[in-house]
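The values are calculated or read from the model by the stated rules, or taken from the named source; none is laboratory data. If you're wondering where the values come from, they're calculated on a predicted model, not measured in any experiment. Heads up, the Cβs are rebuilt from the backbone with ideal geometry, glycines too, and the neighbour counts pull from every protein chain shown. SASA here: full protein model, heavy atoms, side chains in, ligands and nucleic acids out. Shrake-Rupley method; radii C 1.70, N 1.55, O 1.52, S 1.80 Å.
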Amino acid sequence: MARMKFICDAERCIECNGCVTACKAENDVPWGVNRRRVVTLGDGQPGEKSISVACMHCSDAPCMAVCPVDCFYRTEEGVVLHDKDVCIGCGYCSYACPFGAPQFPSNGTFGMRGKMDKCTFCAGGPEENGSAAEIEKYGRNRLAEGKLPACAEMCSTKALLGGDGDVIADILRTRVVQRGKGSEVWGWGTAYGKPKS
Amino acid sequence: MLLTRKTSAANGASARSSGLVHHLARGLSHAVPTIDRRAFLRRSGLGVGAGIAASQLTLVRKAEAAEKAPATGTGKVEVKRTVCGHCSVGCAVDAVVENGVWVRQEPVFDSPINLGAHCAKGAALREHGHGEFRLKYPMKLVNGKYQRMSWDQALQEITAKMLELKKASGPDSIFVVGSSKHNNEQAYLLRKWLSLWGSNNTDHQARICHSTTVAGVANTWGYGAMTNSYNDMQNAKAALYIGSNAAEAHPVSMVHMLHAKETGCKMIVVDPRFTRTAAKADEYVRIRSGSDIAFLYGVLYHVFKNGWEDKQYVNDRVFGMDKVREEVMAKWTPEKVQEVCGVDEATTLKVARIMAENRPSTLVWCMGQTQHTIGNAMVRASCILQLALGNIGKSGGGANIFRGHDNVQGATDVGPNPDSLPGYYGLAEGSFKHFAATWGVDFEWIKKQYAPGMMTKPGMTVSRWIDGVLEKNELIDQDSNLRGLFFWGHAPNSQTRGLEMKTAMDKLDLLVVVDPYPSATAAMAAMPGKPSELNPNRAVYLLPACTQFETSGSCTASNRSIQWREKVIEPLWESRSDHMIMYQLAEKLGFGKELVKNYKMQKVKGMDEPVPEDILREINKCVWTIGYTGQSPERIKAHMRNMHVFDVKSLRAKGGIDKETGYSLDGDYFGLPWPCWGTPEMKHPGTANLYDTSLNVMDGGGNFRANFGVERDGQSLLAADGSHSKGSDLTTGYPEFDHVLLKKLGWWSELSEAEQKAADGKNWKTDPTGAIIRVVMKNHGCHPFGNAKARAVVWNFPDPIPQHREPLYSTRPDLIAKYPTHDDKRAFWRLPTLYKSVQEKNKDIGKTFPLVMTSGRLVEYEGGGEETRSNPWLAELQQEMFVEINPKAANDRGIRDGDQVWVRTPPMAALPDFKGMKVRAMVTERVDAATVFLPFHFSGHWNGVDLSKYYPEGAEPVIRGEAVNTGTTYGYDSVTMMQETKTTVCQIEKAA
Amino acid sequence: QAPASTAAANAQNGPPAGFVAPAEPKPDENNAARERSQPGNNAPFWRGVRQSGEQAGITNLPGVEKGVLIQEFVRYPGSDHTNAGEAWRQVRNHWIIPYGGSLMLIVLLALALFFFGRGRMGHEHPEGGRIERFTPFERAAHWLNAIAFVLLAVSGIVMAFGKFFLLPVLGSSIFGTLTYGLKTLHNFVGPLFAVTLVVIILTFIKDNFPQPGDWAWIKKAGGMFSKQEVPSHRFNAGEKLIFWGGVLALGLTVVASGLVLDHLVPSLVFTRGAMQIAHMFHAIAAVLMMCAFFGHIYLGTIGMRGAYGAMRRGYVSEGWAKEHHELWYEDIRAGKIPAQRSGQGSAAKPAPRTREA
Ligand SMILES: Nc1nc2c(c(=O)[nH]1)N[C@H]1C(S)=C(S)[C@@H](COP(=O)(O)OP(=O)(O)OC[C@H]3O[C@@H](n4cnc5c(=O)[nH]c(N)nc54)[C@H](O)[C@@H]3O)O[C@H]1N2
Ligand SMILES: Nc1nc2c(c(=O)[nH]1)N[C@H]1C(S)=C(S)[C@@H](COP(=O)(O)OP(=O)(O)OC[C@H]3O[C@@H](n4cnc5c(=O)[nH]c(N)nc54)[C@H](O)[C@@H]3O)O[C@H]1N2
Ligand code: HEM
Ligand code: HEM
Ligand code: SF4
Ligand code: SF4
Ligand code: SF4
Ligand code: SF4
Ligand code: SF4
Ligand SMILES: [Mo]
């Protein structure tokens, strides 16, 4: 069974935010809720690099472990989803998530956050696939349509890869080898030129 | 206890509780609201537009529907292929439309240009289907407020006023700023519209974008366009980006470059800022803004010194390189280079070495070079470097000039230019006759529409319309000052000298905005200025145009590929397409019939609109000069339907038959990049890389154009013997073809009798049947425009050999003394234009305004920004106008990251009550301590005050901020009137 | 033409003449330097990603911690050294929930055993005594507070432990809806509890200061097992311990941390780290407080005869007072403390009364 994963190739990501708005548009995510965001380290300095992050769909997911109402579940493809009808908006998943993936439509006092929203790997939620209710609450279920996440499909430089973990790891490996600057060939690759692809 | 669910399961409801209990429970839980996406938007105050919408039910059908319940694919679903309307990369998009509502957007993996990829703007394109913040109906400014009116009334009042102005002050009293956002058909029609109205006073964004490139490059080797393509950059072994921030401005182009990098291409970025593009480079070189010529000569110095130039190539194909060489070796020694641009010898040597040792090497430039008073010279210096290295006309090499708007290339080619008719036909009577014949309109009638003598005189430029209004009448080179102005798809905050623009706006008699968004023009016009400057008779109208997704037509990407956009949805609200508006205005102005003689009409919303395909066919019939003739609507559409057959690296089709028409795509280049010679029937494949002698002309090969005579200073301007495109019957250089040459060569008989009759007395550009082109190319493998040398020395320009000259506002008096600017000009594009007097007056400006101020782009916003700042998906990503400032400069001024600061520039110093531009400080190493950078996409704040109340109600963009062009200074290119937006000066202080 | 291209060098084996090996990477160099010394090795960058909790990156989105890629690495008491989210999860899921839950169960069990073993304590006394033990104000504050506490405890318990005992019974949807309601209730009742708690503290603090005799009381555990109550003042030492420990220390801790969790502390930046810490304090204090108050409630209801009535109606009989708070009773008899403190209409200035019984 395919295990869905994201990889963001920092050598390629140009911080164009295409992935971010692709997600917004495909899933009609409201202002203030950001299922995906792009973070740049070393901004404005040589060595600057960006990566795009969303939910990592962790195998031992902290969010799932702390949820007081146990509304998370995992699909056979390893996608971590949750049920908004059950979610109580307590925010615990966001405290636990190492990556800041869970989002809330509001940040009000009295702990009023609304229901948690996060990246679904474009796999919708517990409602019937492609139903109005599913789209309304979770956005599109692209996996059920045989497509991959909108953010990865539209990434401007193909930095963001999303899909079967094995396949995307292969793509990245090929790239690293092509760059001739994989861990195996540090230094030498640049000195001698690249292996012919 | 992990729960799993099959994605494929038809009903994937939570597995925990089942059956009745489950249903009950779910019903119950529905009582507790989950997040309602659009409703949330509305509640958070962003959806003001939607609030209005509810009360205007008749108008809102589609837009509202787009806001309402999600589409689930149960209605009638259509997929429309269109092209992103933001930048010149030309990314294809599949729009999914359900029951007439644009519900989704899918990537087009087949597109050889973008392979499904999008930047933020392209990925957010679907918001155009919402249009909450659009201008919804025609409006008029009454007592400082915009009031709704009917289309009929608006058209009536506007045309009446136009005719009144024409009568009183002549047709040249009106200036029409057209748009690079228009598709080819609309851009072309607008130029035709202006000619039939009787004026050359029209222009569009290219003026303030790549005009210096177009003029500089065309005068160097023939055509003012990107020579190769984004795709071809995959073949490059080295790439030098100078003055281009492609990662933000042309993001999807980077997919090709990064791939090239992975296969060994070396990437160099030269920019005053360490940009996101620089972050991807192998070498980053920081230069002082405005000093590109010094840097390029610094590189050339090493090229010449080490004999790295391609001697054979230079000998065969370049004119005047020896003169340049002398100049460079004498004047641009490493010390001089370092003095001017700040780059040391080791670095220029390294760059020269990378470019020379890794050929083919390509060079990319963009606004960092063009937007200067010496822009035309800067771009030519870049051309010279590439010519010296023998990179032009080579796959993997070339001058990859990244153009701006989605259709700026097309609008430049066939659109509203003040100095030419479509296809760069000059304003000679012969050209007008050529077009009069195509249009089926009497030449003499057109001539009478013009004021006497004005038909052949280039009009004013968009960069200077302010002066057309404000300048003393006796100093301008036309009868009347400008009294009426159309902003037809153009923002005001994209032109410099915003403070004076406000005065000019107030002085006008007529101001018309034709735009899907009210644009900053609306707010600026409504904002109270000095009462004494306000023309009491001024009339301001806003007309809602629809976007390119509500009509169809073709657009030309930066690589000259032409793509067809299908209509995605019907025009939203009360908007109408630009060509419909042109036709309706023409009807009322009395030249409706002449305008649309060759076109069929179609009904849109019950009204007549010229069929875009017919307009394109008319273009195909007359624009021979640049080969806009082979791209019939049928061929382009076949390309759009069969993108998968085109190779991503070469853009060439490998086989492929279009199912719908049976058209064979084999051998075509994607989008038939112009020149696509001759008639569509000739089946020229288009030209992927210009001037490439390694290919036959019928395979897209070519050579430099013979456009500047055959001889200069006793030297031949034609290519050397043996230098010609593959398979050419003529193996020497040769001039362009006309009936005389054809007869001389004995090829005349290859024309049919009818063709001979039509072509007699004509040249290849005016032969109405295209037969000369066919015979020359198909039968003899020659190029209709001749085979000549490129010019390193452009003797008809103010600086035949590019010279560094300091900007008018420079912080370096020492360099002003050594590299002074031009002398003032009396009448230049109808206006007096100042150089030396401004520079002299401000030579010590650095004492009070010590920071170099430059401006440019953010990936999320585009141009003046009203369109993109009205898109919440984009607006969320850039919520505040800012200035990038180096930590040192900030610390010296007591400014910390995130502080509000005032940015002040010299024009503001003259106004005592003008505090400046209030923006947020972003303290960063991106810029050096002497330079600051501001994005130019903001508007809607003025002197620290939010102008939202001056927009039509509910139509102000989501995000507003200070416009940098409020502060930019005087300064224009000495050939094209390009405005100086990249190098000026400012001072910054912390806001209290 | 171009000098011999590097391609030629490709063909041969080993370094070409004049090849200078790139500099050895230094452990502390930044990514730019590393890119030169070891092209393709982005270790400093990935270290930056790991450390973005301390040195956040830049992102276009406004908001707290948007530039943090991975939460800061910490060790909370009882957790591994790991990212704060995971550490917090460990503290909550490995310690607070299991041990807190067990502790509460143990306390409940102990009370039950005590009840069955010992039965109700104290003697029956006639109702309608004349000594005013609690003024209407005191009673109002107490009961408001008590109600709030019960609501908070119930909702808190469902939040923390509901998924173990309620979810399997109710099913996720009903449980979710119920918990959503209770959680919302908890969030709003919390501040009410905070206010009443402060009132309670102010009203009762005076009589909860340690007094002579308290130590004796403690030493004998109030005489709980000896059937002979140790004399005490108005409140015995047990009550005082509940007051200082349960009401004051734990109560204020719960309130303070609860206000943070509720986003009610002005000018505090509600980072995830702040929330985690607040939560741990809150949950631990809440569990302990609940344990303590299980005892209090037990004694205040079925554990001790007459106690409930005292709080319910405000008055106790002399017998009750003598039995349970002998020293206090004596003070009243001695006129040091008025038997009726809430004056009719002028509670502010209670008129001293003479002893009547
Ligand atoms: N996101 C986005 N994309 C766009 C557009 C947009 O508005 N938004 N607009 C489109 C248009 S119209 C255009 S024309 C293109 C423009 O695309 P670019 O020209 O790439 O964009 P700019 O940011 O204007 O300028 C590029 C760089 O020039 C640098 N620069 C400034 N002064 C100098 C100088 O003197 N010399 C050199 N060498 N560099 C200098 C600036 O620091 C900046 O990084 O982008 C197109 N794409
Ligand atoms: N300081 C500074 N100034 C600059 C620059 C800079 O780098 N620095 N860059 C310059 C450059 S390169 C350029 S190209 C200009 C860009 O500046 P502009 O082109 O003036 O800016 P845009 O906002 O893109 O303007 C396009 C307008 O067309 C409208 N529009 C979109 N589609 C349609 C349509 O189908 N029909 C009609 N009628 N209207 C439509 C949009 O709503 C928008 O109002 O700015 C220039 N100004
Ligand atoms: C003494 C009374 C209180 C008790 C017994 C109590 C108990 C609890 C418990 C058990 C939890 C769940 C912890 C978990 O699931 O890990 C919790 C969470 C919480 N409590 Fe309390 N609490 C009390 C008072 C308060 C007060 C006074 C406030 C606010 C002023 C408050 C606000 C919260 C908040 C905000 C949460 C987090 C859950 C959420 O956001 O809904 N609590 N409490
Ligand atoms: C259902 C819940 C509760 C019941 C049944 C209850 C019952 C009682 C009773 C009967 C008394 C009187 C004891 C006496 O006369 O000595 C009392 C006293 C008191 N209770 Fe409660 N109580 C409850 C909850 C609370 C809570 C939540 C608090 C505060 C957080 C609290 C604080 C006090 C205080 C401060 C006293 C006075 C004794 C002292 O100061 O030590 N009670 N309670
Ligand atoms: S929300 Fe966070 S913890 Fe949960 S699966 Fe996603 S990344 Fe992992
Ligand atoms: S916010 Fe919702 S999903 Fe997250 S832990 Fe709380 S109940 Fe679970
Ligand atoms: S996978 Fe889908 S939901 Fe997740 S970030 Fe990408 S587009 Fe958004
Ligand atoms: S779309 Fe791709 S390149 Fe752009 S920010 Fe996202 S991951 Fe990076
Ligand atoms: S803005 Fe340019 S790069 Fe971005 S999606 Fe549109 S066409 Fe492509
Ligand atoms: Mo542009």
request  = Quickly run through segment C:189-223 and pick out the residues that are buried (at least 16 other Cβ atoms within 10 Å of the Cβ) and not aliphatic (A, V, I, L, M).
outcome  = C:190, C:191, C:193, C:196, C:204, C:208, C:211, C:213, C:214, C:217, C:222, C:223
request  = Starting from segment B:163-188, keep only residues that are closer than 20 Å to residue B:456 by Cβ, then list their pairs with residues that are open to solvent by 10 Å² or more (accessible area, probe 1.4 Å) and of a type in the set (A, V, I, L, M) whose Cβ atoms are within a distance under 9 Å, requiring at least 6 positions of separation or different chains.
outcome  = B:166/B:589; B:170/B:451; B:170/B:454; B:171/B:451; B:171/B:454; B:172/B:451; B:172/B:454
inquiry  = If I filter segment B:184-209 down to residues being closer than 23 Å to residue B:629 by Cβ and within 16 Å of ligand 10 (Cβ to nearest atom), which single residue comes out as nearest to the other protein chains (Cβ to nearest Cβ)?
reply    = B:206
ask   = Inside segment B:860-880, can you point out the residues that are within 12 Å of ligand 1 (Cβ to nearest atom), assigned to a loop (DSSP other than H, G, I, E, B) and of a type outside the set (A, V, I, L, M, F, W, C)?
value = B:860, B:861, B:862, B:863, B:864, B:865, B:878
inquiry  = Suppose we filter segment C:225-240 for residues that are farther than 16 Å from residue C:337 by Cβ, assigned to a loop (DSSP other than H, G, I, E, B) and either under 25 Å from the mean Cα position of the chain (by Cα) or not basic (Lys, Arg) (or both); how many remain?
reply    = 5
In segment B:458-475, the residues that are in contact with a helix residue (DSSP H, G or I) (Cβ under 7 Å, 6 or more places away or on another chain) and more than 25 Å from residue B:210 (Cβ to Cβ) = B:469, B:470
remark   = Requiring at least 2 residues that are of a type in the set (A, V, I, L, M) and surrounded by 23 or more Cβ atoms within 10 Å (Cβ to Cβ), the helices (runs of 4 or more DSSP H) wholly within segment A:1-102 are A:18-27
inquiry  = Quick check on segment A:42-52. Is at least one of its residues hydrophobic (A, V, I, L, M, F, W, C) and within 10 Å of chain C (Cβ to nearest Cβ)?
reply    = yes
ask   = In segment B:286-300, what residues are part of a helix (DSSP H, G or I) and in contact with a Pro (Cβ under 6 Å, 6 or more places away or on another chain)?
value = B:293
task = Just need a number here: residues in segment B:400-428 that are in a helix (DSSP H, G or I) and either within 19 Å of residue B:462 (Cα to Cα) or at pLDDT below 95 (or both).
result = 9
ask   = What is the residue count in segment B:212-242 for residues that are in a loop (DSSP other than H, G, I, E, B) and open to solvent by less than 10 Å² (accessible area, probe 1.4 Å)?
value = 10
task = Could you check residue B:201 against (1) of a type outside the set (A, V, I, L, M); (2) within 26 Å of residue B:613 (Cβ to Cβ); (3) open to solvent by less than 10 Å² (accessible area, probe 1.4 Å) and say which number it fails?
result = (2)
Subset of segment B:706-726 [in a loop (DSSP other than H, G, I, E, B) and open to solvent by 20 Å² or more (accessible area, probe 1.4 Å)] = B:707, B:708, B:709, B:710, B:713, B:714, B:720, B:721, B:722, B:724, B:726
note = So the helices (runs of 4 or more DSSP H) completely within segment C:62-171 holding 3 or more residues that are touching a Lys or Arg at 6+ places or on another chain (Cβ under 9 Å) and either within 16 Å of ligand 9 (Cβ to nearest atom) or not polar (S, T, N, Q) (or both) are C:84-90, C:136-165
key: Any chance residue B:135 is under 30 Å from residue B:540 (Cβ atoms), open to solvent by less than 10 Å² (accessible area, probe 1.4 Å) and away from ligand 3 (no atom under 16 Å from the Cβ)   = yes
note = Contact list, first residue from segment C:284-312 and among the polar types (S, T, N, Q), second anywhere and away from ligand 2 (no atom under 16 Å from the Cβ) and open to solvent by less than 50 Å² (accessible area, probe 1.4 Å), beta-carbon distance below 8 Å, six or more apart or interchain, is C:301/C:307
query = What pairs can you find where one residue is in segment B:467-491 and of a type in the set (Ser, Thr, Tyr), the other is open to solvent by less than 20 Å² (accessible area, probe 1.4 Å) and away from ligand 1 (no atom under 16 Å from the Cβ), and their Cβ atoms are less than 7 Å apart, with a gap of 6+ or different chains?
reply = B:480/B:170; B:480/B:172; B:480/B:173
note = Given (1) within 14 Å of chain A (Cβ to nearest Cβ); (2) at pLDDT 95 or above, residue B:127 misses just (2)
message = For the structure I just gave you, tell me whether residue B:943 is surrounded by fewer than 19 Cβ atoms within 10 Å (Cβ to Cβ) and without any contact (Cβ under 8 Å) to a residue 24 or more places away in the chain.
response = no
note = Taking segment B:955-973 and keeping only residues that are more than 14 Å from chain A (Cβ to nearest Cβ), assigned to a loop (DSSP other than H, G, I, E, B) and either open to solvent by 10 Å² or more (accessible area, probe 1.4 Å) or closer than 25 Å to residue B:207 by Cα (or both), one is left with B:956, B:960, B:963, B:967, B:968, B:969, B:970, B:971, B:973
inquiry  = Kindly evaluate residue C:72 against the criterion of being open to solvent by 40 Å² or more (accessible area, probe 1.4 Å), more than 8 Å from chain A (Cβ to nearest Cβ) and of a type in the set (Asp, Glu).
reply    = yes
request  = For residue B:554, state whether it is part of a strand (DSSP E or B), away from chain A (no Cβ under 14 Å) and either within 30 Å of residue B:364 (Cα to Cα) or within 16 Å of ligand 7 (Cβ to nearest atom) (or both).
outcome  = yes
request  = Those residues that are over 19 Å from residue A:31 (Cβ atoms), open to solvent by 10 Å² or more (accessible area, probe 1.4 Å) and either polar (S, T, N, Q) or facing chain B (nearest Cβ under 9 Å) (or both), I need them from segment A:103-139; list them, please.
outcome  = A:109, A:127, A:128, A:129, A:130, A:131, A:132, A:133
query = Can we say residue B:229 is among the polar types (S, T, N, Q), closer than 24 Å to residue B:646 by Cβ and within 15 Å of ligand 1 (Cβ to nearest atom)?
reply = no
remark   = Picking from B:397, B:368, the residue that is in a loop (DSSP other than H, G, I, E, B) and of a type in the set (Gly, Ala, Ser) would be B:397
task = Have a look at C:321, C:339, C:283 and point out the one that is away from ligand 6 (no atom under 16 Å from the Cβ) and part of a helix (DSSP H, G or I).
result = C:321
